[in-house]
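Participant: If you scroll down you'll find the structure; I have some questions about it.
The values are calculated or read from the model by the stated rules, or taken from the named source; none is laboratory data. Given the structure is predicted, the values throughout are model-derived calculations rather than measurements. Here the Cβ positions follow ideal geometry from the backbone for every residue, glycine too, while neighbour counts run over all protein chains shown.
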Amino acid sequence: MKILVVDDEQDVKVLFEQRFRKEIRDKRVEFAFAFSGEDALELLQRWNHEALLILSDINMPGMSGLQLLVEVKRTYMKPPPVVMMITAYGDAENFNMAKSLGADDFLTKPVDFTLLKEKLNLNS
């Protein structure tokens, strides 16, 4: 499974690589990281629809995660990528906005990696 993590905080790369070390080693997941919405769109164009899952922060400078969500859902329809939004703000407004824009799921920071692995069917 190919996963694109989009977050302006660079330390998420190390965190995800540590928490998914076994799954990466076993080639069950492959991560790519983009540190802005704009970088994520460039990467997706190069991948040509290979991203199966996008985990995107909502609050980022420049293109927000919600703007990225709109662009991804409009541009990449076949196959449609699964987009999970991640935010430090677990309020109903962000949740409802993300859902109305086509988000497939919603996670709050700090990310509960056990729950994320369950959602991805990676617990074993």
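Participant: Identify, please: which residue in segment 13-56 is in a loop (DSSP other than H, G, I, E, B) and charged (D, E, K, R) and is, among those, surrounded by the fewest Cβ atoms within 10 Å (Cβ to Cβ)?
Facilitator: Taking segment 13-56 as the starting set, the residues that turn out to be in a loop (DSSP other than H, G, I, E, B) are 20, 26-29, 35-36, 48-52.
This time we only want the ones that are charged (D, E, K, R), so: 26-28, 50.
Values: D26: 11, K27: 8, R28: 14, E50: 14.
This residue is K27.
Participant: Given the conditions (1) buried (at least 16 other Cβ atoms within 10 Å of the Cβ); (2) among the β-branched types (V, I, T); (3) not in a strand (DSSP E or B), which single one is not true for I3?
Facilitator: The single condition I3 does not satisfy is (3).
Participant: Which of the residues that make up segment 78-94 are within 17 Å of N59 (Cα to Cα), at pLDDT below 90 and surrounded by 17 or more Cβ atoms within 10 Å (Cβ to Cβ)?
Facilitator: Hits for segment 78-94 are T87, N94.
Participant: Let me ask something additional. Can you spot a residue in segment 57-71 that is surrounded by 18 or more Cβ atoms within 10 Å (Cβ to Cβ) and under 12 Å from I3 (Cα atoms)?
Facilitator: no
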